[in-house]
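The values are calculated or read from the model by the stated rules, or taken from the named source; none is laboratory data. Keep in mind that this is a model prediction, so the values were computed, not measured. Quick reminder, even Gly has a Cβ in these numbers, built from the backbone with ideal geometry, and neighbours come from all protein chains shown. Heavy atoms of the whole protein, side chains included, go into the accessibility calculation; ligands, DNA and RNA do not. Shrake-Rupley method; radii C 1.70, N 1.55, O 1.52, S 1.80 Å.
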Amino acid sequence: MGESITIETLDKSGSFSAYCAMPHQAPKAAIVVIQEIFGVNEGIRRKCDKLASDGYLAIAPDLFWRLEPGVELDPDVEPEFKRALDLMGKFNQDAGVRDIEATIRKAREMANGGKVGAVGYCLGGRLAFMTAARTDVDAAVGYYGVGIDNLLREKNAIGHPLMLHIPTEDGFVDKETQAKMHEGLDDHPQVTLYDYPGEDHGFATEMGKRRSEQSAQLADQRTAEFFAKNLS
């Protein structure tokens with residue numbers, strides 16, 4: 001269902017690859033899928049394929065292209081997990097958001113000027129928040145975003161709907177951080193937060209040990225309804 005495409009950076013200084021999944025019919029909208037720290041791996045490609053089967057054009061940009069183009073890592077393999085953490089430490093998030101913006105423009109062009117959403121996981125969940133605050137994306141969803149408490153100063157720039165999925169036992173987002181997210185965002189007119197009691201980071205991954213089936217299905221159903229409402 002998917003293929004690799006090339007996207008030019010906003011400043012025209014380079015280009016990067018992206019996995020693109022097309023629906024069988026004309027897309028009803030486009031969705032940018034923002035990777036975890038493991039690159040555009042099979043799990044992220046499956047996210048794109050599922051969105052395409054629901055009628056969306058789905059594009060997952062390779063955000064680590066400046067560090068290691070085409071890297072794909074398995075979170076269930078300890079050395080690969082450590083390598084992913086190392087890549088995240090070197091990753092320029094501001095440049096990543098600009099690459100997401102370039103992908104949004106490409107997606108909008110490919111969808112004949114239609115609406116564009118974004119959904120991200122882990123690091124991508126954080127980047128989804130930044131994308132909502134810094135770009136013209138029509139709707140965004142973040143799953144288990146990390147360090148969002150440090151981004152709350154940008155919340156007033158969020159002008160389109162944003163949904164955040166928060167596992168309460170997230171090993172990378174402690175209870176204090178979760179409380180700050182609720183305190184800072186619960187009264188925001190564009191932001192909806194959902195807690196998932198007992199769940200850990202990565203619960204909605206498509207594959208691997210981290211997936212928690214019931215909560216993953218609930219979160220994905222909420223996301224599907226959110227996009228159906230805000231990208232129509």
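In this structure the chain gives 44 Å² per residue of accessible area when probed at 1.4 Å with all protein chains present.
Beta bridges assigned by DSSP with both partners in the chain are antiparallel in approximately 35 percent of cases.
So, by mean Cβ neighbours within 10 angstrom, what's the order for 139-146, 44-51, 10-17 with the highest one leading?
Highest mean packing first, the order is 139-146, 44-51, 10-17.
Applying both filters, DSSP loop and at most 15 other Cβ atoms within 10 Å, to the GluC sites (Glu not before Pro) of segment 1-100 eliminates every site. Rolled with a 1.4 Å probe across the full set of protein chains, the surface gives L87 an accessible area near 10 Å².
Summarising the label geometry, the points placed 7 Å from Cα in the beta-carbon direction at K175 and T6 lie 5.2 nm from one another. Using a simple spin-label model with pseudo-atoms 7 Å out from Cα toward Cβ, F81 and A95 lie 2.8 nm apart. Just to confirm my numbers, what's the Cα centroid distance between segment 97-149 and segment 29-61 in Å? When both Cα centres are located, 12 Å separates them.
Taking a Cβ cut-off of under 11 Å around D49, the surrounding Lys, Arg, Asp and Glu residues balance to a net charge of +1, with basic ones at +1 and acidic ones at -1.
For segment 128-232, carbon and sulfur atoms together expose 47% of the accessible surface, with a 1.4 angstrom probe and every protein chain in place.
Listed here are the pairs K115/K175; K90/K180; K47/K155; K47/K90; K82/K175; K50/K106; which of them are more than 29 Å apart at the Cα?
K115/K175, as the Cα separations exceed 29 Å there.
For the chain, a simple Cβ point-charge model (Lys and Arg +1, Asp and Glu -1, everything else neutral) yields a dipole of about 640 debye relative to the Cα centre.
M88 contributes an accessible area of around 60 Å² to the protein surface, as traced by a 1.4 Å probe with all chains present. Here the sum of -39500 (n - 2.57) over DSSP H runs of 4 or more residues, divided by the residues of the chain, equals -11500 deg cm²/dmol at 222 nm, to the nearest 500. In the chain, a dipole from Cβ-located charges (positive for Lys and Arg, negative for Asp and Glu) runs towards its positive end, and of I148, P197, S215 it is I148 whose Cα lies farthest in that direction.
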